[in-house]
Amino acid sequence: MSRVAEVRRDTLETQIAVRLDLDGSGQVKMQTGLPFLEHMLHQIARHGLFDLQIEAHGDLAIDAHHTVEDIGITLGQAFARAVGDKAGLTRYGHAYVPLDEALSRVVVDLSGRPGLVYAVEFPRAQIGTFDVDLLHEFFQGFVNHAQVTLHLDALRGNNAHHIAETLFKACGRALRMAVSADPRAGDSIPSTKGTLNR
């Protein structure tokens, strides 16, 4: 079964197209005007083994807020479509990822309910010219539309780039675990409710 989704989002602030293949090999093609965000999204794709294409045009002359948030929204919509009814999937995923002095933990539940716990503090407000507050906006947009529960904990670190990178790498690995088939589950939905879509 193909787990591929394509989504377009067009507003007066942004125009975004996302193509996501959950059973890829980590191939990435992006054009967003936000090199640091692209670097982070590349981590999700590579460590999740997802093929990901994103083309985004936003009102970057104002700032990056709308573009970052709307990329999160559109990627979340694509994820929800690609994952389908979640039959036979593991449902839960987790990962710890270090990068030098930084260590982050990410835990995900394909619950059908949006929930974000973001326990992350950065030692400075910007990485290059990228406002680190926007990372929260990205993840909030993603969970609201992917309909997942996501816990992100930056456990330690003093280099802001390292902290961000561990979060995105761990997110990719946790998502890969959650969307993987459970060989014992067959086609059953991993919930006593019988559904994970409401």
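The values are calculated or read from the model by the stated rules, or taken from the named source; none is laboratory data. Quick caveat, the model's predicted, so the values are computed rather than measured. Don't worry about glycine lacking a Cβ; one is built from the backbone with ideal geometry, like all the others, and counts go over all protein chains shown.
The rows are residues; the columns are (1) touching a helix residue (DSSP H, G or I) at 6+ places or on another chain (Cβ under 6 Å); (2) over 27 Å from R184 (Cα atoms).
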{"site": "R105", "(1), (2)": "no, no"}
{"site": "V108", "(1), (2)": "yes, no"}
{"site": "R113", "(1), (2)": "no, no"}
{"site": "V120", "(1), (2)": "no, yes"}
{"site": "F142", "(1), (2)": "yes, yes"}
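Number of residues in the range 48-75 that are in contact with a strand residue (DSSP E or B) (Cβ under 9 Å, 6 or more places away or on another chain), part of a helix (DSSP H, G or I) and within 24 Å of G112 (Cβ to Cβ): the value is 6. Taken over the range 135-174, the criterion of being in contact with a strand residue (DSSP E or B) (Cβ under 8 Å, 6 or more places away or on another chain), aliphatic (A, V, I, L, M) and assigned to a helix (DSSP H, G or I) is satisfied by V143, A160, I163, A164, L167, A170, A174. Looking at the structure I just gave you, is L89 under 15 Å from the mean Cα position of the chain (by Cα) and either charged (D, E, K, R) or buried (at least 17 other Cβ atoms within 10 Å of the Cβ) (or both)? Criteria not met by L89. Scanning the range 120-143 for residues being of a type in the set (A, V, I, L, M, F, W, C) and out of contact with any Asp or Glu (no Cβ under 8 Å at 6 or more places or on another chain) gives a total of 8. A95: modelled with pLDDT of 95 or more, small (G, A, S) and more than 18 Å from the chain's Cα centre (by Cα), yes or no? For A95, the condition - modelled with pLDDT of 95 or more, small (G, A, S) and more than 18 Å from the chain's Cα centre (by Cα) - is not met. Just a yes or no: is a residue in the range 51-71 surrounded by fewer than 22 Cβ atoms within 10 Å (Cβ to Cβ), at pLDDT 95 or above and under 17 Å from A174 (Cα atoms)? Within the range 51-71, one or more residues are surrounded by fewer than 22 Cβ atoms within 10 Å (Cβ to Cβ), at pLDDT 95 or above and under 17 Å from A174 (Cα atoms).
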